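Take a look at the structure set out below.
The values are calculated or read from the model by the stated rules, or taken from the named source; none is laboratory data. Computed from a predicted structure; not experimentally measured. With ideal geometry, Cβ positions are generated from the backbone for all residues, glycine too; neighbour counts draw on all protein chains shown. With ligands, DNA and RNA removed, areas are computed over all heavy atoms of the protein, side chains included. Shrake-Rupley method; radii C 1.70, N 1.55, O 1.52, S 1.80 Å.
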Amino acid sequence: MDMADWLCGMQNLMFLAMDQPGMVVDLLEMIHVWNMQRMELVLSAPVDLYIRRAWYEGCDFITPGFFRSAVLPRLKIEAELTHAHGAKFGYICSSGTQPLLDAYLEQAWTY
């Protein structure tokens, strides 16, 4: 969502997520594919920690349902890729996280 917010504008993306969620999911998938390619390159070097910017992925900007269906599956794949390369996965989301705590725990990415 962070990259999508910068591309679309935060207010525009919030409205799109409510009015045209399929379009936002398609955009997130394009960003995810690009990000996975970038991650492969970065993680090919000796990396201890990979940090994902997620400043705008909290429930101040999207609903918990949209997070679970559109963001979380891609986030899990990115965490798994990071762990497969022997690195830890850091996730920076500093606001609107309380409604997402159960979703974070269900994924059990921390190992």
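Values for this structure:
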quantity: Out of ALA103, ALA87, ALA79, ALA108, sole residue that is modelled with pLDDT of 95 or more and open to solvent by less than 80 Å² (accessible area, probe 1.4 Å); calculated: ALA87
quantity: Verdict on VAL24 being over 20 Å from SER95 (Cα atoms), among the β-branched types (Val, Ile, Thr) and surrounded by fewer than 16 Cβ atoms within 10 Å (Cβ to Cβ); calculated: no
quantity: Selected residue [open to solvent by 30 Å² or more (accessible area, probe 1.4 Å), farther than 26 Å from PRO99 by Cα and basic (Lys, Arg)] from ARG38, ARG53; calculated: ARG38
quantity: Residue satisfying condition, being surrounded by 15 or more Cβ atoms within 10 Å (Cβ to Cβ), part of a helix (DSSP H, G or I) and out of contact with any helix residue (DSSP H, G or I) (no Cβ under 6 Å at 6 or more places or on another chain), within set MET14, MET18; calculated: MET14
quantity: Check on MET39, over 12 Å from the mean Cα position of the chain (by Cα), at pLDDT below 95 and among the aliphatic types (A, V, I, L, M); calculated: no
